[in-house]
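Reading through the C-alpha cells given below for one structure.
The values are calculated or read from the model by the stated rules, or taken from the named source; none is laboratory data. Just so it is clear, the structure is predicted and the values come from calculations on it, not from any experiment. Cβ placement follows ideal geometry from the backbone for every residue including glycine, while neighbour counts extend to all protein chains displayed.
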Amino acid sequence: MTDIPEHADARLRRERTIWLATVDRAGAPSVRPVWFLWDGEHVLVYSKPTAAKVRHIERNARVCLHLDPNEWGTDVVIITGDARLAPERPRADACSAYVEKYSDGLARLDRSAEQLADEYSVAIEVEPTRFLTY
C-alpha cells in the first residue's frame, strides 16, 4: 500500500459519498457515486450483485475513486487502486462502522440495514496504489 496523505485520510473518514470509476467491456470509464467505508487501508463498497461495476471489476481490477472537490475545484482527493470482490468481508448489516455511518441515510430511504445488506450483497474492497491530493 502507498503512503496516505493526512488530508486524504481525514476526508475519507468524514465524507459520505465517493465516486467509483470502473472500466467497461469496451474500455470506457463507468463512474457511479457509492456509499463507502475507509478503514485506513482499504475502501469498502457494497454493491448489488447484478451491477455493472461487479462485472467490470471481475474483468479489470483497476479502478479510480474520487471525492467531490470544493466549490473552487480544490480540496481534491483522487485514489487509483486495485479492486476485488471480497466475499470474506461481513455483510453490510454486520459491519457496525458502515451501519453507523449510514443509519440516517437508511432512515431517509425507509430501509433497514438488513434490507440494504440483502440487496447490496457483494462486498468490493479497493486497495489504494496512489493518492493525488491538492
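Scan the stretch 95-115 and tell me whether some residue there is closer than 20 Å to Ile4 by Cα, touching a residue at least 60 places away in the same chain (Cβ under 8 Å) and of a type in the set (Ser, Thr, Tyr).
Within the stretch 95-115, not a single residue is closer than 20 Å to Ile4 by Cα, touching a residue at least 60 places away in the same chain (Cβ under 8 Å) and of a type in the set (Ser, Thr, Tyr).
For residues in the stretch 39-50 being within 14 Å of Leu116 (Cβ to Cβ) and not basic (Lys, Arg), which is farthest from the chain's Cα centre (by Cα)?
Result: Pro49.
Of all strands (runs of 3 or more DSSP E) completely enclosed by the stretch 1-116, which ones contain at least 2 residues that are within 16 Å of Thr133 (Cβ to Cβ)?
Filter on the stretch 1-116 gives 17-23, 62-66, 77-85.
Given the options Val31, Val99, Val45, Val23, name the one that is among the aliphatic types (A, V, I, L, M), at pLDDT 95 or above and in contact with a His (Cβ under 7 Å, 6 or more places away or on another chain).
After ruling out the rest, the residue left standing is Val23.
For the stretch 73-97, how many residues are surrounded by 12 or more Cβ atoms within 10 Å (Cβ to Cβ) and closer than 20 Å to Ala51 by Cα?
Within the stretch 73-97, residues that are surrounded by 12 or more Cβ atoms within 10 Å (Cβ to Cβ) and closer than 20 Å to Ala51 by Cα number 11.
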